[in-house]
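The values are calculated or read from the model by the stated rules, or taken from the named source; none is laboratory data. Computed from a prediction, not measured in an experiment: that's the story for all the values here. All Cβ positions, even for glycine, are placed from backbone atoms using ideal geometry, and neighbour counts span all protein chains on display.
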Amino acid sequence: MLVGVCDFPGSYAFPPAGYGGIERWLWAVAVGARAAGADVHLLGPGWLPDLEPEWVRKPVRLEEVTAGSPAERELKAAGYDLLVVGHEYPSLPAWVRTWSELECEVATFQHSPVFRHTDSAFDGKRSRLYCYSPEMIARYAAHQPIPELAVHLGLNEKEPPATQGRDLVWLGRIDEEKAPHLAARAAQLLGCRIRFVGPVFSEDYVRHHEKLFSADHVEWVGELGGPAKTAAIRDASVFVYTYARTYVEAGAAVFGESVRAGTPMAALTWRDGTCAQAALCDRTGVTAVVPPEADDETAAQVLAESIERAADLDHTEVQAIGQHRFDPTRHFEAMAAPSC
């Protein structure tokens, strides 16, 4: 089976060493495909040139290929069975034109809760859309989405054996949509230290919650990648997950990252059917559902209770379950199954 994994123009490398959502997912698919025995071509100029020599890089983007060109003939001659691409591309006419000439299948994962696809983007067979949660499946029901837990990987992020860990960790982009101030307050209520890992996307948001974020129990780590990022997760007692009331999480990487490292999660949600509930079970984390009309203090108190319960979970068992559920090979095989 020949699989093409397509990059796209963006500010993060392929594969990224730190933050990056779709970029990390595409790399996980490529790693999983190769582990499953497929031949893999990394399509597009964004893939790092110094990857291991067994990776085949083809610096071509389908949306830039013209009809009848040598690039199109080379793509057709390669004989791809499956292309894996960011969710926008099956709705991009220039990309679809070239793909339609290749007579192969395409699979993508919905990483945005608001992107609107064309009516003809997916047929559920030759072109397939995968969604993480019941909430996302309902949002994209018109496109025949297939339920699947996304797997994300960065460079050099293989997890060592789990350890019990100490303190709390929160990882992601620092902005209002991700609501890390709720994690800071929950940690404060418990008298625990918490480390914030990730890039600041909104300085205004940080200033608005300056009193919490500058408290003695809060440690700012910044964006990490590779072994340092994995260690920041693994060395925590609990991973704390938050987001804003109106935000819809399409498929956060942090669920797989945390449980693969053996760190249980305490997740705050505002409704049922979310990614947290799809990703976690009672042996890998605790998910609290708080009514969206509740104030921040109430939400933080409920989250604090969830953190206490999650801290009692066995890290070794969390890792065993996480590495099975969020295994790149299993993930690829699930997406490639209709092609086989």
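Yes/no per residue for (1) among the basic types (Lys, Arg); (2) under 25 Å from the mean Cα position of the chain (by Cα); (3) closer than 24 Å to Gly21 by Cβ:
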residue	(1), (2), (3)
Gly86	no, yes, yes
Thr98	no, no, no
Leu102	no, no, no
Phe115	no, yes, yes
Thr118	no, yes, yes
Arg126	yes, yes, no
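Considering region 165-192 alone, what residues qualify as being under 19 Å from Leu313 (Cα atoms) and assigned to a loop (DSSP other than H, G, I, E, B)? The answer is Gly165, Arg166, Asp167, Cys192. Restricting attention to region 213-230, the residues that are of a type in the set (Gly, Ala, Ser) and modelled with pLDDT under 95 total 4. Once region 281-340 is narrowed to residues that are among the hydroxyl-bearing types (Ser, Thr, Tyr) and in contact with a strand residue (DSSP E or B) (Cβ under 9 Å, 6 or more places away or on another chain), the residue that is modelled with the lowest pLDDT is Ser339.
Scanning region 2-9 finds one or more residues that are in the same structural domain as Leu129 (by TED's automatic domain parsing), within 25 Å of Ala250 (Cα to Cα) and surrounded by fewer than 18 Cβ atoms within 10 Å (Cβ to Cβ). Yes or no: Ala266 closer than 24 Å to Tyr19 by Cβ and modelled with pLDDT under 95? Spelling it out, it is not the case that Ala266 is closer than 24 Å to Tyr19 by Cβ and modelled with pLDDT under 95. What about Asp204, is it out of contact with any Cys (no Cβ under 6 Å at 6 or more places or on another chain), outside the structural domain of Ala77 (by TED's automatic domain parsing) and surrounded by fewer than 19 Cβ atoms within 10 Å (Cβ to Cβ)? Yes, satisfied. For Ala261, are the conditions met, namely being in contact with a helix residue (DSSP H, G or I) (Cβ under 6 Å, 6 or more places away or on another chain), at pLDDT 95 or above and in the same structural domain as Tyr205 (by TED's automatic domain parsing)? Yes.
Among the residues making up region 185-199, those that are over 16 Å from Tyr19 (Cβ atoms) and either in contact (Cβ under 8 Å) with a residue 60 or more places away in the chain or touching a strand residue (DSSP E or B) at 6+ places or on another chain (Cβ under 9 Å) (or both) are Arg185, Ala186, Ala187, Gln188, Leu189, Leu190, Cys192, Arg193, Ile194.
Scanning region 31-43 for any residue that is crowded, with 21+ Cβ neighbours inside 10 Å, assigned to a helix (DSSP H, G or I) and among the β-branched types (Val, Ile, Thr) turns up nothing. If you go through region 16-54 and keep only what is over 26 Å from Ser112 (Cα atoms) and modelled with pLDDT of 95 or more, you end up with Arg34, Ala35, Ala36, Gly37, Ala38, Asp39.
Can you name the residue in region 224-271 that is of a type outside the set (S, T, N, Q) and in contact with a His (Cβ under 8 Å, 6 or more places away or on another chain) and is also farthest from Gly322 (Cα to Cα) among such residues?
Selected residue: Ala250.
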